[in-house]
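Asks: Have a look at this one before I ask anything.
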Amino acid sequence: MSFFGPGHGACPGCGLTIATRNVLEALEGKCFVSNSTGCLEIVSSQYERSAWGVPYIHSLFENAAAVAAGIELALKALKRTDEGKVVVFAGDGATADIGIGPLSGMLDRNHDVIYICLDNEAYQNTGNQQSGLTPTGSNTTTMPAGELMPGKTGRKKDMISIAVGHGIPYVATATVAFYADLRRKVKKAAEIEGAKYIQIHTPCVTGWGIDGKQTLESARLAFETALYPIIEYENGELTKVRKIKDRKPVEEYLRIQRRFRHLFKHPKGQEIIRILQKIADDNAAKFNLDV
Amino acid sequence: MKKVVRGFYSIAHSVKLCKPNVIAAYPITPQTEIVENLAKMYSNGELGDCEYVTAESEFGAASILVGASAAGARTFTATCSQGLVLMSEVLLNAAGMRLPIVIVNTNRALSAPLSIWNDHQDSMLLRDGGLIQIHVETNQEAHDMVPLAFKVAENPRVMLPFMVNMDGFKLTHAYEPVDLLDQEIVDSFLPPYEPPVYMTTKNPLTFGSYAPPHCYAEFRVTLQNAMMRALDEIEKAYKDWAEITGRYWGGHAVGEYTDDAELVVVSMGSLTGMVRDVVNEMRREGKKVGLLKLRTFRPFPVKEVRNALKNANKILVFERAVSFGYEGPVGIEVKSAIFGFTPEFYSFAVGLGGRDVPREEIVKIIGDVYEGKVEQGFHFGTIKEFEEVVV
Amino acid sequence: MVIRITLGGISKPHSSKSMKTGDWGTEFPIVDEEKCTACRACEHLCPDGCIVVVEKGEKKVAVPDYDYCKGCGVCFTACPADAIRMELKDIYKLDVC
Ligand SMILES: Cc1ncc(C[n+]2csc(CCOP(=O)(O)OP(=O)(O)O)c2C)c(N)n1
Ligand code: SF4
Ligand code: SF4
Ligand SMILES: [Mg+2]
């Protein structure tokens, strides 16, 4: 029994739907989904073309966390909590930018909700615009690499610390590169009462400029370069990190993606690559990632 | 049981009796006391199985109710002004999703300049949103409208958000004698909410699908149809209510002396009491004036308004808001409703941002219009002499 | 034709099945049933949920559903046993003279 698809309209090789399918499988379909406006919603919820096999609601771009909180409250009030867990699927833009207020409220009130941030590192549904979770140096349509600018100059927002800062019981990152780990985390989250935040790195073939055959490779390289540390916090304590054997230089990750390609010829490209390498090194040090 | 209570309490008491499942709260003057009173009831265990939640914003509060309502809960919130505007994206969405959320809006002016005081600028912004909107004149009316709002909103023929508008401070903070309902009465009128469809793992439906051009328009037609059906369902609910409580609220638009009135004055909300007083006095003086109290603003009761205004030579609308760049919003609606009639038409925006409307002002405006001393069209009420400068 | 307009746009589950996406891709996966170990990596990682491990005679093997397969190649890269290869669809095999 599948809980999502087929027949949805995601680009071939899309990371979002890989993540979504695994989350739903981990929960054995016993869940209520609240989804923000964005790629996942658009590819899966056209009228009479729904890919969902679980109860699903889409309201707006920036309110999926609050809608989920409402579902949770209703299930409590109506004594129907045994029906299933409440899960949010929201893009990085919906999470870190426009919906951070409702997300903060939901985490702060510690609703029994699993919040999944599907991090494809830009507003992909509208065509690859810069979000708070877009990494440094990435070429987006709202901050394109040009004569002057090398793509995004700011840094990727640290949503993990923001989530941990809310004092919620469980925060983790995951990636489509390691689906067993992803599923384990979702299962674990489902066992814990209260608000859970899981941020999943989900390659976007179109926005990143990769091929479906590179979906898993790019996700794996993000981990292997330490640009996307795979970590787990329980009750505010870092409890688990996925160790990296032979950490790779960030160039290996950057080179295969069109969104970073300009860095190898842009006058400021080397500086950006140095900054990215420093971010990776700092991650490795902070989380003790190297074996 | 008749008791002198303040407007906000009359609402909270009534909400409690409607046994909502989820209440989302966020403070804003002069609404705050409604959710504070509900919070007190919740804290004292008087709200049964209701979940009361303090949201992080009005936007969040409304969104919480979208989720709760879709999952099958009876839902309530109250807000006004900036809070209503912040909620607006969600409320319009809830209308399209056909979620019967009940909101009390304690009408307040909009910024800028910031003002916590009463006018109708806030609710007018939501005119086209697909929410049922009524305006009340007294706190008894406000009290009675809450069960009625749930009843109509949750009616399977309607399934729309319902917004009860009551004037901020003028009603919310006024002490008035209110015949407080008791539980049996409300129970006999308002059964528990039985949603025709709701989110459940037993039947995993998709809510909030997007509609491509080949079917979007049809969804908007169903929204329009539901609104139009609400006209009948509201009337029916008034009649049921009258049978149970003995109080009949008289329908969407209530005319007084409109049959032979040369001038009919149209008013909505708490100002109506004073306008009625002045109209009655002028009647006693032999002047042919009448009153049309507009209760339902959306759906707009065209039939009732046309009927009440068909004999009038002059129509005067008291506005509590402005559609900047045109005229007062109620006048715009009234004029369009009476299309084909050719009375003289006047409208006056009064009491903006809580400006006191003295009786003399009403007397003068009605008197001047009656005697033909003012030009037709839109006017502001009493405005001080001022000079426009940069700093 | 009469169309159905539900309350607020509610849709039935799995109604996307009517969208056959099998013609999207230029390639399609072919599973070498000898090599396939039925580990389910492809099943878990296919973005479209259209390759499933099923019992076939004595053996369990991965079988793609070409009605929906978009030919993305994720399964091909996911297979630890090297049991999947991608092949160009015939219509894209152009003779270049
Ligand atoms: C209030 C509002 N602003 C803007 C939009 C337009 N919009 C829809 S989806 C989207 C981008 C979504 O980005 P993200 O949350 O990262 O999800 P993704 O599509 O990348 O998965 C934008 C900008 C909207 N629907 N609502
Ligand atoms: S644009 Fe990116 S995120 Fe959106 S469906 Fe395509 S691959 Fe997936
Ligand atoms: S090629 Fe892509 S869509 Fe087709 S079966 Fe493999 S993973 Fe699924
Ligand atoms: Mg995104």
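Asks: Report yes if some residue within segment B:286-299 is of a type in the set (Lys, Arg) and free of Cβ contacts under 8 Å to residues at least 60 places away in the same chain; otherwise report no.
Replies: Yes, some residue in segment B:286-299 is of a type in the set (Lys, Arg) and free of Cβ contacts under 8 Å to residues at least 60 places away in the same chain.
Asks: Would you be able to tell me the number of residues in segment A:69-83 that are of a type outside the set (Val, Ile, Thr) and in contact with a helix residue (DSSP H, G or I) (Cβ under 6 Å, 6 or more places away or on another chain)?
Replies: Looking only at that region, the number is 5.
Asks: Can you tell me which residue among C:Cys50, C:Cys42 is near ligand 3 (Cβ under 9 Å from one of its atoms), surrounded by 18 or more Cβ atoms within 10 Å (Cβ to Cβ), more than 10 Å from chain A (Cβ to nearest Cβ) and modelled with pLDDT of 95 or more?
Replies: Unique residue meeting the criteria: C:Cys42.
Asks: Hey, among the residues in segment C:30-75 that are outside any loop (DSSP other than H, G, I, E, B) and within 16 Å of ligand 2 (Cβ to nearest atom), which one's farthest from C:Lys89 (Cα to Cα)?
Replies: Checking each candidate, the answer is C:Leu45.
Asks: For segment A:76-127, give me each residue that is part of a helix (DSSP H, G or I) and more than 14 Å from every other protein chain (Cβ to nearest Cβ).
Replies: A:Asp92, A:Gly93, A:Thr95, A:Ala96, A:Asp97
Asks: Based on this model, can you work out whether A:Ile71 counts as closer than 30 Å to C:Gly22 by Cβ, at the interface with chain B (Cβ under 9 Å from one of its Cβ atoms), touching a residue at least 24 places away in the same chain (Cβ under 8 Å) and not in a loop (DSSP other than H, G, I, E, B)?
Replies: no
Asks: Does segment B:223-261 hold any residues that are touching a strand residue (DSSP E or B) at 6+ places or on another chain (Cβ under 6 Å) and not polar (S, T, N, Q), and which are they?
Replies: Listed by number, the residues that qualify are B:Ala230, B:His252, B:Ala253, B:Val254, B:Gly255, B:Glu256, B:Tyr257, B:Ala261.
Asks: Within segment A:128-142, can one find any residue that is more than 16 Å from the chain's Cα centre (by Cα), in a loop (DSSP other than H, G, I, E, B) and surrounded by fewer than 19 Cβ atoms within 10 Å (Cβ to Cβ)?
Replies: Looking through segment A:128-142, at least one residue is more than 16 Å from the chain's Cα centre (by Cα), in a loop (DSSP other than H, G, I, E, B) and surrounded by fewer than 19 Cβ atoms within 10 Å (Cβ to Cβ).
Asks: Related question: Go through segment A:10-40 and report how many residues are surrounded by fewer than 24 Cβ atoms within 10 Å (Cβ to Cβ) and within 16 Å of ligand 4 (Cβ to nearest atom).
Replies: Within segment A:10-40, residues that are surrounded by fewer than 24 Cβ atoms within 10 Å (Cβ to Cβ) and within 16 Å of ligand 4 (Cβ to nearest atom) number 1.
Asks: Quick check on this structure: which one of B:Leu231, B:Leu181, B:Leu263, B:Leu160 is surrounded by 13 or more Cβ atoms within 10 Å (Cβ to Cβ), in contact (Cβ under 8 Å) with a residue 60 or more places away in the chain and assigned by TED's automatic domain parsing to the domain that holds B:Lys303?
Replies: One residue alone meets the criteria, B:Leu263.
Asks: Which residues, counting only those in segment A:103-127, are crowded, with 24+ Cβ neighbours inside 10 Å and under 12 Å from A:Asp92 (Cβ atoms)?
Replies: A:Leu103, A:Ile116, A:Cys117, A:Leu118, A:Asp119, A:Asn120, A:Glu121, A:Ala122, A:Tyr123, A:Gln124
Asks: Looking at (1) within 9 Å of ligand 3 (Cβ to nearest atom); (2) outside any strand (DSSP E or B); (3) not β-branched (Val, Ile, Thr), find the lone condition where C:Asp82 falls short.
Replies: Exception for C:Asp82: condition (1).
Asks: For segment A:36-57, which positions are closer than 25 Å to A:Gly209 by Cα, outside any loop (DSSP other than H, G, I, E, B) and either within 13 Å of ligand 3 (Cβ to nearest atom) or more than 8 Å from chain C (Cβ to nearest Cβ) (or both)?
Replies: A:Cys39, A:Leu40, A:Glu41, A:Ile42, A:Val43
Asks: What number goes with the only condition from (1) surrounded by fewer than 24 Cβ atoms within 10 Å (Cβ to Cβ); (2) within 17 Å of B:Val330 (Cβ to Cβ); (3) charged (D, E, K, R) that B:Asp119 does not pass?
Replies: If we test B:Asp119 against (1) surrounded by fewer than 24 Cβ atoms within 10 Å (Cβ to Cβ); (2) within 17 Å of B:Val330 (Cβ to Cβ); (3) charged (D, E, K, R), just (1) comes out false.
Asks: Moving to a separate point now. Checking the conditions here, which among B:Pro213, B:Pro156, B:Pro161 is more than 14 Å from chain A (Cβ to nearest Cβ) and under 24 Å from C:Gly8 (Cβ atoms)?
Replies: None of the other options fit; the residue is B:Pro156.
The values are calculated or read from the model by the stated rules, or taken from the named source; none is laboratory data. Since we're looking at a predicted model, the values are computed, not measured. Every residue, glycine as well, gets a Cβ built from its backbone with ideal geometry; the counts of neighbours run over all protein chains shown.
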